[in-house]
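Contents: one structure, followed by commentary.
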Amino acid sequence: MKKNIIAVVLGLILASGLFVGAGKYIAYSRRLVPAEPMAQESETELKYSENSNSYGVTDKKEFDKKLVEFIEENGYENKNYMISPTSFRAALAMSVAGADGNTKEELLHAMGFNSIEEVNEWYSSVVDSSEESAFISSNSIWRNTKANGKFLSSYKKYVAKHYDAKAEEVSPEKITSKVNDWVNKKTNGMIKEISSDLSEYDLLLINALYLKSSWVNKFYEGRTEPGDFRTFEGKTALKDFMKQQEDYKYYEDKNGKLVVIPMNGGVDAVFILGDIDDPREKMNLAKKETVSVRLPRFETESEFTSSELMGYLNSLGVQDAFNDKADYSKMCEAMDVQITEIIQKTKIKIDEEGVEAAAVTMVAKCDSCAMPEEKEIKEFNADEPFKYMIMTHSDDPELLFYGQIVE
């Protein structure tokens, strides 16, 4: 009998003072009922196509862009939210490492890779960029001792080598507390619990992404003052606005503007006003300008379920991983598994000191020196809906977190 892979992506992101963090996990559990379509946990029911209109993406940038578009098209366009593409991909990477055949090919193409070697190179680059940075990516895999099958030794060695994932075997009575303790530790207490009950899951794959960083140029709390924020509905909400005038990378066109605010540890925070097309590309056109920045302090949290995350993968052509054709023969023995659920929770808080954020993903499977000229001062006043990105400061920036504030 085909067992289920319950892919749960839980991400919690908090930003407070000097910190940013994220984490994700994947859990595998035994199927308790006959095969049915994927359960929907949100009010918006998505249709999973028999034949997807698109098959995969060309690279990680397209994966990120389409993920954001899919999320906003499915109920989040006019909501505050944040998602972590990096944590999502990291959790999927450990699942791909145990997949074979068409299951593996569909997941690879959906993620924008051609081989597991490319996935490993991507993850290695993320880890390398984090060595001098404020963010840490952690992975673990878990087996519930009630499960009939086990992780293959070759799989445990592979994910240990490429993802530094430690394998644990825990009884059903203790697995919930053990996993939650791991999550709490790896997110520095930002995510204290990923689930209240993991006892029914056979296997768990978990990624935790945590980032803690401060602004290079601090916002002084004494300059923060209350002001009106215009929501997407045109209403006003009172927020505390931080203010600063510094030289930043800045871009503006008829559709909007963006400003890149550097953070310590090789991370940039990008804030976007208006409807700039492809802001990541426009960052390459940004120039140093003197910018008067006015940003609200904010804290927001989100939850994404299989409706959004499995729906997104399905839209990219992933089908076999979610049905009886799933092939995870390189992951476990004596268990025939498939993905049935993916969840991500996020939370972020930004203030004068910096940002703290975290995300957790779970997939569960069953069975110059010249005289200065007078400069024009650019204005970046975020008193209306805006988007933001937390990215690595590198030649090929990794999009750690993406979100928006609209109310």
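Observations on the model:
- Residue match in segment 342-355 (condition: closer than 30 Å to Q244 by Cβ and among the basic types (K, R)): yes
- When residues of segment 157-196 are limited to those that are basic (K, R) and under 24 Å from the mean Cα position of the chain (by Cα), the one modelled with the lowest pLDDT: K192
- Test for K257: is it assigned by TED's automatic domain parsing to the domain that holds E384 and either within 26 Å of N188 (Cβ to Cβ) or surrounded by fewer than 21 Cβ atoms within 10 Å (Cβ to Cβ) (or both): no
- Complete set of residues in segment 206-217 that are surrounded by fewer than 21 Cβ atoms within 10 Å (Cβ to Cβ) and either part of a strand (DSSP E or B) or out of contact with any strand residue (DSSP E or B) (no Cβ under 8 Å at 6 or more places or on another chain) (or both): S214
- Any hit, segment 303-310, residues being within 22 Å of G189 (Cα to Cα) and of a type in the set (D, E): yes
- Exactly one residue among K104, K146, K79, K66 is in a loop (DSSP other than H, G, I, E, B), in the same structural domain as D320 (by TED's automatic domain parsing) and under 21 Å from I339 (Cβ atoms), and that residue is K146.
- Qualifying residue in segment 95-116 (condition: under 17 Å from V360 (Cβ atoms) and crowded, with 20+ Cβ neighbours inside 10 Å): yes
- Within segment 317-334, the set of residues being touching a Phe, Trp or Tyr at 6+ places or on another chain (Cβ under 8 Å) and crowded, with 24+ Cβ neighbours inside 10 Å comprises F322, M331, C332.
- All positions within segment 117-148 that are surrounded by fewer than 19 Cβ atoms within 10 Å (Cβ to Cβ) and of a type outside the set (V, I, T): E117, E118, N120, E121, S124, S125, D128, E131, E132, K146, N148
The values are calculated or read from the model by the stated rules, or taken from the named source; none is laboratory data. Since we're looking at a predicted model, the values are computed, not measured. Methodologically, a virtual Cβ is constructed for each residue, glycine included, from the backbone with ideal geometry; neighbour enumeration extends over all protein chains shown.
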